[in-house]
Structure formats: C-alpha cells, structure tokens
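Q: The following block contains the structure, expressed as structure tokens.
The values are calculated or read from the model by the stated rules, or taken from the named source; none is laboratory data. On a predicted model such as this, the values are computed, not experimentally measured, just so you know. Note that we place each Cβ from the backbone using ideal geometry, even for glycine, and neighbour counts take in every protein chain shown. Surface accessibility is based on the protein's heavy atoms, side chains included, excluding ligands, DNA and RNA. Shrake-Rupley method; radii C 1.70, N 1.55, O 1.52, S 1.80 Å.
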Amino acid sequence: MRPDPVAAGTASPVVLVAHGSRDARAQAATRALARGVAAARPGLDVRVAFLELADPRPADVLGALRAAGEPAPVVVPLLLTRAYHGRVDLPAQVAGFDCAISDTLGEVSEPLLAGLVRRLHESVTGYDAVVLAAAGTSVASGRAMVDEVAGALTLRLGVPCVTAYASAAAPTGGEAVAALRARGARRVAVASYFLAPGRLHEAVLADARAEGAIGAAAPLGASRELVRLVLQRVDAVSPQRALLAV
C-alpha cells in the first residue's frame, strides 16, 4: 500500500490556484474547497492563490512558503481546461520558485463526472437532454476537453449532452438549448462546468433558461468529488519531481 504522505511526514504544502474573480462568492468557494482538502487529509498545509482579480497571487503565497523554509510546494491549477491561464499565465506567475505544477482538473475522470452529475440531480430531474455550460475559451484544445466531458456525460446519463459557452466560443447557452430542441428534446437541463459562481456562470445559465431550459445545476464548488479530484492531482505529483521555474 502506498504510504500516506502526511503520516510519513513528507507532505509538501499545496497551493490551490484559481482564476480569480471580483465576485466574493467565487473567492469563498475556493477557500471552502481548500478547507475541504485540508479536512480530508489532516496535517496537509493547503493554501489558496488567484491568478487575477483577487489576492493573494501565486508569487505571494510561494514567497511566503519559501521564506518560512517549507518544502517545495505542489501547485494545483483550479482550472477546467488547458488553455491560456494553465499553459502560459500560471507558469509565468510561478517562475523563479521551486514548485511542482499538477495537471488541471478538466480531464475526464470519475470524480469530475460524479460531481457534475450530482450537482445536476440536486437541481433538476426528468430531463431528456443536457447542455454542459462552460466559461469558454478561444483555444481549440481547451474546447476539445470540454467536448470530451460532454461526450462522457452523454454515455453516463443516457441522453444527448452538448457544450455551450458564456464567452469566446459558440454556441451560447440559448443556441445549445435550441439545437437540442430542434433534434426533438423537450426537457433540456443545464450542467455547470464551473468551479464557482460568478458573472459568466450566471450569464450562460440565464441564456439557456431564456430559450426554455427547465433547470440548471450549481457549480462544482467545494463538493466531495472535487476534493477527491484535487487530492488525486496532488498525489500524482511527487515532491521529488519538483520543478524549478517552468
């Protein structure tokens, strides 16, 4: 059995890095997730940082850890696609610090799918099609990741699931609902491919509702499934693989 890193006394601090938002609810959701991760693994030092629009920034947190003589931390990007913020922005903001960066959270996985389905069923049942609403990105590989999740949800739910975006890509929430209804769906629900509430989440859901969506899920938030997924990302990054300034 793999030894528990906390019990073994070898755990590196964990820094959860979210995109950031001026919406206080989004910041609160990130901090709640950090508390959930820490509670799930007692003794683990879990901190939060934001890429923009909120403090602290990654460099502030990493600088404080380095000044305190802590081991090289594991940085977990709280991002659902491998787009600009994950590929460019985060590495730039942690440049010069000894740390290991895990993968983002958006790859198809059991915790991610289970969390999306549970949030959906907390809000709506009796649907015959689903829109997977996401923030949006102009990066094709990022959209492809969302499409993969939608495909996995189609298999898991047994109904058609298509993507929709709040910005930077098509279709909109309303367009996705209309397309499903044109294919014969009558009760279209919306699953939320978001980690926290905010302007974009509300915009894409409002657009879908205006076109006749019967209900919409809350963001993943500090769900037990997301806690499990974050810990999987932490465990996949060994302290021995800590990288100097990506």
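Q: For the stretch 213-246, which residues satisfy the criterion of being at pLDDT 95 or above and touching a strand residue (DSSP E or B) at 6+ places or on another chain (Cβ under 7 Å)?
A: Selection gives 213, 214, 215, 216, 217, 218, 219, 230, 233, 234.
Q: Specify the residue that is modelled with the lowest pLDDT; the eligible residues are those in the stretch 87-101 that are part of a helix (DSSP H, G or I) and open to solvent by less than 50 Å² (accessible area, probe 1.4 Å).
A: Across the stretch 87-101, the extreme among qualifying residues is 89.
Q: Now for a different question. Could you check residue 205 against (1) free of Cβ contacts under 8 Å to residues at least 12 places away in the same chain; (2) within 19 Å of the chain's Cα centre (by Cα) and say which number it fails?
A: That leaves (1) as the condition not met.
Q: Another question, if that's okay. Please verify whether residue 15 is aliphatic (A, V, I, L, M), touching a helix residue (DSSP H, G or I) at 6+ places or on another chain (Cβ under 7 Å), modelled with pLDDT of 95 or more and assigned to a strand (DSSP E or B), treating the condition exactly as stated.
A: Judged against the criteria, residue 15 is a match.
This table checks each residue for (1) of a type in the set (Gly, Ala, Ser); (2) touching a residue at least 40 places away in the same chain (Cβ under 8 Å).
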position	(1), (2)
57	no, no
63	yes, no
71	no, yes
79	no, yes
95	yes, yes
114	yes, yes
117	no, yes
123	yes, yes
126	yes, yes
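Q: Would you check which residues across the stretch 176-205 are under 18 Å from residue 127 (Cβ atoms) and open to solvent by 30 Å² or more (accessible area, probe 1.4 Å) and list them?
A: Matches in the stretch 176-205: 178, 179, 181, 182, 183, 184, 186, 187.
Q: Looking at the stretch 121-158 only, could you name the residues that are open to solvent by less than 60 Å² (accessible area, probe 1.4 Å), modelled with pLDDT under 95 and of a type in the set (Ser, Thr, Tyr)?
A: Matches in the stretch 121-158: 137 only.
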